Amino acid sequence: MREFQVLLVAGTHGNEINASWLFDQWDKKPELIRTYGVKIIKEIGNPSARKKCTRYIDRDLNRSFLPDLFDSSSDDYEINRAKYLINRHGINADDPCQIAFDLHSTTAGMGCCIVIYGRRPTDLALASLIQNRLGLPIYLHESDKSQSGFLVESWPCGLVIEVGPVPQGVLNQQIIQQTKLTLEASLEEISKIKFGKSRFPRQLIVHRHIGSIDYPRDMNDQTEAVIHKERQGNDWQPIDLGSPLFINSTGDIIKFLDNTNLVPVFINEAAYSEKNIAMSFSKREVWFFLSEWKDALIDLIS
C-alpha cells in the first residue's frame, strides 16, 4: 500500500505571491507550520509566472487540467506544468498524493473561504470538517461549462483555500497568517481522520454557484460601467431586488433585477475581467451531512 500524502500547491497563479512566500519561509524553517504527522509534498504550481509576477505565461494553469489538453501536442507552458504535476504526484504516479490543496489569494473581499468543484463525497466531507472547525464559508462551483480544468479536480480529494482581499503581487501579513492557520487546521483535521479521532458535523452550509455576469460593455467591448460602491467589498452579503450593481460615468445605475435571494461572490476580482466576469452569484443552502461522505474520506485516507 502506498503511503498517504497531501499535495500542497502555491503559486498556481504567479502574481498570487503570499502562499508562495510562506512556502519559502517554511523551507527555511521546517517547524514554521505544524503538519500533525501528515506527510506533505509542496509544489510551486507556476514557477515561471511567479518569477515574472504574472498570472500565467501562455494560459491559466488552473484551467489546464483537462484530458483534451493532456492529449494535445501543445507546447504551452501551463499545459506542460499540469502534465508534470499529474505525472509526478497524481494518484497513479510514482510519488502519489491522495488529497490536494491549492492555495490562492483574491483581490475580492472574500475573506478566507474554501472552494470546491462539484459534489464529490470526499471534498464535501473534508470541507465540512474545516468549516465546522473554522466557520469558513464554502463556495460550491458547479454547472459552469465555461470554467473547467481546475487543478484540485485531478486528485481524489481536493480543495482550494482562497484568501483576500489583497492586490496582485503584494505581500500582506494578514493574508499570510490566514493561509497558515487554515492550512494547519486542515492538516490537523486530516490527521484526526487518520487516527480515528474525527467528529463529523451534522450539516454544512454551502454557497452554490448559480451564474456570473459581465461588466456592462459598449459596442467596442470596452467596460462602460464599474462596480457600484454599495457592492464593492460586500461579498457573501445577500442582495435585494433593485439593489445597485454598476454605475457609469454619468451616474446612471444598473440595478439587480432578479428577485431570487442570491449572494454575490468574487466581486470585482481583478483576474476575472479577462473571463468577462464582474461577479458571480451563489445561493446559500444548508445540507445534511451524509454518511457516505464520511465513509469515502475515511477510505481514501486509511
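Looking at K194, K180, just one residue is at pLDDT below 95 and farther than 22 Å from E269 by Cβ, and that residue is K194.
In the stretch 123-142, the count of residues that are without any contact (Cβ under 8 Å) to a residue 60 or more places away in the chain, touching a Ser or Thr at 6+ places or on another chain (Cβ under 6 Å), farther than 28 Å from S273 by Cβ and assigned by TED's automatic domain parsing to the domain that holds F23 is one or more. Each residue in the stretch 149-180 was checked for being farther than 16 Å from G11 by Cβ, touching a residue at least 24 places away in the same chain (Cβ under 8 Å) and not in a loop (DSSP other than H, G, I, E, B), and 6 of them qualify.
The strands (runs of 3 or more DSSP E) located wholly in the stretch 185-296 that include 1 or more residues which are within 23 Å of H141 (Cα to Cα) occupy 203-213, 244-247, 263-265, 279-288. Pairing each residue of the stretch 61-84 that is without any contact (Cβ under 8 Å) to a residue 60 or more places away in the chain and of a type in the set (V, I, T) with any residue that is assigned to a helix (DSSP H, G or I) and surrounded by 15 or more Cβ atoms within 10 Å (Cβ to Cβ), provided the two are 6+ apart or on different chains, yields C-beta distances under 7 Å for I79/L69. If you scan the stretch 217-232, which residues turn out to be surrounded by 14 or more Cβ atoms within 10 Å (Cβ to Cβ) and more than 16 Å from S273 (Cβ to Cβ)? Answer for the stretch 217-232, where residues must be surrounded by 14 or more Cβ atoms within 10 Å (Cβ to Cβ) and more than 16 Å from S273 (Cβ to Cβ): H228, E230. Restricting attention to the stretch 66-123 and to residues that are within 21 Å of A270 (Cβ to Cβ) and in contact with a His (Cβ under 9 Å, 6 or more places away or on another chain), the residue that is surrounded by the most Cβ atoms within 10 Å (Cβ to Cβ) turns out to be S105. Which residues, counting only those in the stretch 282-294, are in contact (Cβ under 8 Å) with a residue 12 or more places away in the chain and either more than 24 Å from D240 (Cα to Cα) or buried (at least 20 other Cβ atoms within 10 Å of the Cβ) (or both)? Across the stretch 282-294, the qualifying residues are S282, F288, F289, L290, E292, W293, K294.
The values are calculated or read from the model by the stated rules, or taken from the named source; none is laboratory data. The structure presented is a predicted model; accordingly, all values stated were derived computationally and were not measured. Cβ coordinates were reconstructed from backbone atoms using ideal geometry, including for glycine residues, and neighbour counts include every protein chain displayed.
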